[in-house]
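Structure record follows, encoded as structure tokens.
The values are calculated or read from the model by the stated rules, or taken from the named source; none is laboratory data. The shown structure was predicted, so the numbers you read here are calculated from the model rather than taken from an experiment. Reconstructed Cβ throughout: ideal geometry from the backbone, glycine too, with neighbour counts over all protein chains shown. The protein model used for the area step is the full one, side chains on, heavy atoms only, and it has no ligands, DNA or RNA in it. Shrake-Rupley method; radii C 1.70, N 1.55, O 1.52, S 1.80 Å.
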Amino acid sequence: MTVSLPQTNYLRRVDWFMGLLALTLSCIGLALLFSAVSAMGPSGSLFLTRQIMWLCLALIFSAISLLFDYSFLDRWAFWIYALALLILIVTWGLGKVTAGSRRWIEIGFMRLQPSEFAKIALVIALAKHFSGMDRPGGYTLADLIQPLVLCSAPIFMVLIQPDLGTAVVMTIVSASVILFAGLSRTTLLRLTGAALCLAPVVYFLGDHMLLDYQRRRLTTFLNPDFDPLGAGYHIIQSQIAIGSGGAFGMGYMQGAQNQLMFLPVKHTDFIFSILAEEWGFMGCVALLALYAALFVKGLSIAVGARDNFGALLAFGSVMILFTHVFINIAMVMGLLPVVGVPLSFISYGGSSLIASFLCVAVLINISARRLPF
Amino acid sequence: MNELSTDIKADYSLRARIAGIVILALILLLVVSLWRIQLIQGSEYIDQAHSNRTRFIRLPAARGKIVDIQGRDLARNTPSFVFSVIPGKLHNSSEIVRKLSAPLGTTEEKLRTVLDKAASGPKFMSHVIKRNLSLEEVSLIKSKLVETPGASLEVKPVRTYPEKETLCHIIGSLGEISADELTKGAAQGYHIGDLIGKSGLEREYEAYLRGEDGWEQLEIDAKGRQLRSPAGKSPKQGADLVLTVDAKFQKFCEDIFYQSAGSIVALEPDTGRILAMVSKPGFDLNLFSSGISERNWKELNTDALHPLENRAIRGLYSPASTFKLVPAFAALQDKIVGPQWKVTCKGELDLSGQIFRCWNQYGHGAVGMRRAIVESCDTYFYELGLKLGPDRISKYAALFGFGIPTGISPQELPGLLPTPAWKARTYGDIWKDGETVTLSIGQGYLTATPLQIAVMTAALANGGKVLRPAIVRRTVARDGNILFEHEPVVRWTIPMGSGVLAELERAMADVVSDKRGTGKKARIPGINVHAKTGTSQVIRAKKRTKDDDQIPYHERTHAIFIAYVNDMPKKIAVAVVVEHGGGGGLNAAPLARKVIAEYYGMPDPGESPQP
């Protein structure tokens, strides 16, 4: 294990801008959480203290991770992957049944969602796999069998939890990492063709195999007025909240939808609607700009990485964050079905916060250890 | 480490650029749709948010009723006026305090504290200030309401219980949904302020009783006029619960129970359906219907007799001598001794220095099984118990249903059936002969609920079938569909040789009809009552010097009595427990007699002299 502490050089190379972006985003999250819970009466403040505690933990973990060269992840990649898979299996077996799904594991007083970390482990494993292969002309279909097996195991475990949202995120992230690793032109064409043919089959299977609540969420996505007080409730209410924000919002802590408690889980997956209602279009654009800066910066880190593994890992980390942000906001606006994906850095929840910070820490790590020019 | 060749680097750079463009394009898509929702359609949504145009109105479903087998209401909904405020809309709370404290029948100070408390909760939720307003109060408040925005009068159904105390423990009560229940129940559509079953059947059958809320979408213009005919779904009323109990019979059983605490359970021995289930003391369920006051709650909770506890399924008592039927059954079934086997009772048993007394200090002389049951001779059962051994007794006790829940309700207690293995596990000590002796007369560690004792009685009456007792006969949806219909559940049948039960049956008949039978007070001319008495010691009796009324209440024995009638078309099995009621034959038997006589529509024959 290489601990590269003493170089003053290193501290100068740390991308503070990246860290500052992440911290700013999470502070915005805390402010929104404060607004969200203030309407819940005294009992809500517990959420705030817990989230602050999670933020401290996330910062500590990130700081510690920066002490190690990320090549550590390269060497231990398959063990990390195996451990993540094992924890997913254990959670599924022992996991406490919350709201009908087995996605939580309890460690002391904390409740962790292992799938949040499994995403990172999957990216590490994929990065390791592709960095060890050299195919100048791009990967062929045969080359993809191994990585597909690698992806499908954790995705399957997440899917049976059942956590459709995380499974979708993992699929998109894996696919984009594979694309980034580079496919040969013929492979790319074949895959596109296959996807077009498979789409109807997937639709048919989805229709028959989705769980009741998942199907209900999908139907309400297609027609929110179907049951306005039941499953469509979230979409309608959050659209009203977003829409009533207007250009400049109703003002912090002034959102009627928020204060009226129309959204039962607004502090987790629907927290964006509070931002939209209270800070308006301007606030939303500002937030999206912060995210965009984070992603663009992250991509440039991927390009500047010193090795193959670093580049793939950096790209995967950016994709994890981006997929969450996009799916979450699109879902809150009613552009995508409600699948339960948290908004990175902003949504209430410790596992998601820590995982997001770890992604940023990995990016900073890679950028700090890029080759000297 | 494989360093990057410039080739690969160029590839990555290109792909990263493509990815960057895709990411920015998707973010732009989000911005555009935000633009559309917030800036183009924004004002429309603002209107909706202010509920100027579209308003969703929740149409709460009426809760199902709980009725007795004859259809008499035990729990129903009555409309009542509720005064509530929305703290976020109150412009001037001091004005409300000033104007409405008198019509609400409280002082300004009290009303202010209540309003402050409401203000600390969610701001835009309506908080109930007072329920169950009288018409007079309503008219007084109404005249002031125009001047006080944020306060309102609503008509809400309130749960009332016309029979008051009758079946109070079984029916249970409603209460406002707690934060915890709300998190769990959000998926089922519960909202803040909803009433939810908190105890008894109201809680167990919540899913049936609750029904399904409907909704209505109204479009209203700025002046509050309705624009379109409403779209929506009408609410589905909850299903009614039909109990197995006849409220009139139940009430009779409650009324005759004049002692301060105890329980009566009457079952149909062939079906396990409950005919009456009394737990005394009780309470008026209507105390809970409009939110129980703190004073009443405290009173109920601190009462030394624990009126909130359902003794029939949660009270644990030693079955005492009523249990003697179990070792008797075990002995006959396993052919350890025959009915002719005799023990000479000298009033006590000396077990290597330890004295175990028979209730009759003068002794019963030489007794066989029949006499031992009829006169409830303890010495006989001491000796019999030693012959059987604790494991055999426990095995048969378990067969009669002791030590495990009867399955009527998740709230019931299982009681305790001790075995040598249990004792080693719990106390790390070996089982002593003295404990076998006390177990065989139903004392010691052994405890059971009145319902378990009644189930044993039913098994004796129906030829050994151990039933799962039931209180709910059926649930009926509003449209008349029967959602659930009770079918008798035989948990198991006790294996038995021919003539075993008949022997016990004769003995139990003699308990009532024999002139020296301990259950004479349960005699009803014309009805063949089978019974067994029991007197459960609360503390270890040292001497027999005191008269009953000289013993402090809490040291008096519990009176226990079981009885059944199984040779009529209508059958019944009864268990009576009178806490600190003295002797079972003396104080519990008359209650059983009255219950049985009433069941067969006869006047109480009283304590008849010899037939």
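The stretch between A:Leu188 and A:Val149, if pulled fully straight at 0.36 nm per residue, gains 12.2 nm over its current Cα-Cα span. Backbone amide hydrogens, once placed in the peptide plane, bring B:Asn92 within less than 5 Å of nothing, excluding anything fewer than 5 places away on its chain.
Per the Kirkwood formula applied to alpha carbons, the range B:286-408 shows a radius of gyration over Rh ratio, Rg over Rh, of 1.20. In this simple spin-label model, placing a label point 7 Å from the Cα along the Cα-to-Cβ direction at both B:Val155 and A:Leu67 gives a separation of 7.2 nm.
Excluding ligands, DNA and RNA and using a 1.4 Å probe, chains B and A jointly bury around 4300 Å² of accessible surface, summed across both partners.
Relative to the Cα centre, the charge distribution of the range B:289-386, modelled as +1 at Lys and Arg Cβ and -1 at Asp and Glu Cβ, gives a dipole magnitude of about 280 debye. Note on B:Ile21 and B:Glu216: with the Förster distance fixed at 41 Å, the Cβ-Cβ geometry gives a FRET efficiency of about 0.30. Cross-link partners for B:Lys117 among the aspartates and glutamates, with Cα-Cα distance under 18 Å and sequence neighbours closer than 8 places in the same chain left out: B:Glu95, B:Glu108, B:Glu109, B:Glu176, B:Glu294. Bridging of B:Lys570 to aspartates and glutamates at a Cα separation below 13 Å is possible for B:Glu268, B:Asp270, B:Glu598, once same-chain residues fewer than 8 apart are set aside. Here is how the number arises for chain B: DSSP H runs of 4 or more residues each give -39500 (n - 2.57), the sum is divided by the residue count, and the result at 222 nm is -9500 deg cm²/dmol.
Three semi-axes describe the equivalent ellipsoid of the range B:432-497; taken as square roots of 5 times the Cα gyration tensor eigenvalues and ordered largest first, they are 36, 15, 8 Å.
The count of lysine pairs in the range B:250-350 that are at least 8 places apart or cross chains, and whose C-alpha atoms lie under 24 Å apart, stands at 5.
Would you work out the charge dipole size for chain B about its Cα centre, treating the Cβ of every Lys and Arg as +1 and the Cβ of every Asp and Glu as -1, and quote it to the nearest 20 debye?
Dipole magnitude for chain B comes out near 240 debye.
Note on B:23-31: average number of Cβ atoms from other chains within 10 Å of each residue's Cβ is 6. Descending by average beta-carbon neighbour count within 10 Å, the peptides B:64-72, A:123-131 line up as A:123-131, B:64-72, the highest first. Taken over the C-alpha atoms, the range A:296-342 has Rg and Dmax values of 13.6, 41 angstrom. Taking every residue in A:241-253 and counting other chain Cβ atoms within 10 Å of its Cβ, the average works out to 5. B:Asp180 exposes around 100 Å² of accessible area when a 1.4 Å probe is run over every protein chain in place. The alpha carbon gyration tensor of the range A:14-89 gives principal lengths a ≥ b ≥ c with a/c of 1.5 or higher and a/b no greater than b/c, which makes the shape oblate.
With a cut-off of 14 Å on the backbone N, no residue of the range A:336-373 is near the modelled label site 7 Å out from A:Trp16 along Cα-Cβ. Extension gain, B:Asp7 to B:Tyr362: 0.36 nm times the residue separation minus the Cα-Cα distance gives 116.6 nm.
Applying both filters, DSSP loop and at most 15 other Cβ atoms within 10 Å, to the chymotrypsin sites (Phe, Trp or Tyr not before Pro) of the range B:231-270 gives B:Tyr258.
For the peptides A:173-184, B:21-32, residues were scored by their other Cβ atoms within 10 Å and the scores averaged per peptide; the highest-first order is A:173-184, B:21-32. Once both labels are positioned 7 Å from their Cα atoms along Cα-to-Cβ, the gap between B:Ile430 and B:Val32 label points is 8.9 nm. With the simple model of a label 7 Å out from the Cα in the direction of the Cβ, B:Tyr445 to B:Glu309 spans 2.1 nm.
What FRET efficiency comes out for the pair B:Lys298/A:Ala286, r = Cβ-Cβ distance, R0 = 56 Å, nearest 0.05? After rounding, the FRET efficiency stands at 0.55. Close amide H pairs (under 5 Å, H built 1.01 Å from N) link B:Gly262 with B:Lys280, B:Glu579, residues at least 5 positions away or on another chain. Peptide A:333-339 has a mean shielding of 2, counted as Cβ atoms of other protein chains within 10 Å of each residue's Cβ. Placing one equal scatterer on every Cα of chain B and applying the Debye formula, the log10 ratio I(q)/I(0) at q = 0.11, 0.12 Å⁻¹ is -1.03, -1.16. Based on the Cβ-Cβ distance from B:Leu14 to A:Asp134, what FRET efficiency comes out when R0 is 22 Å, to the nearest 0.05? With R0 = 22 Å, the Cβ-Cβ based efficiency is 0.75.
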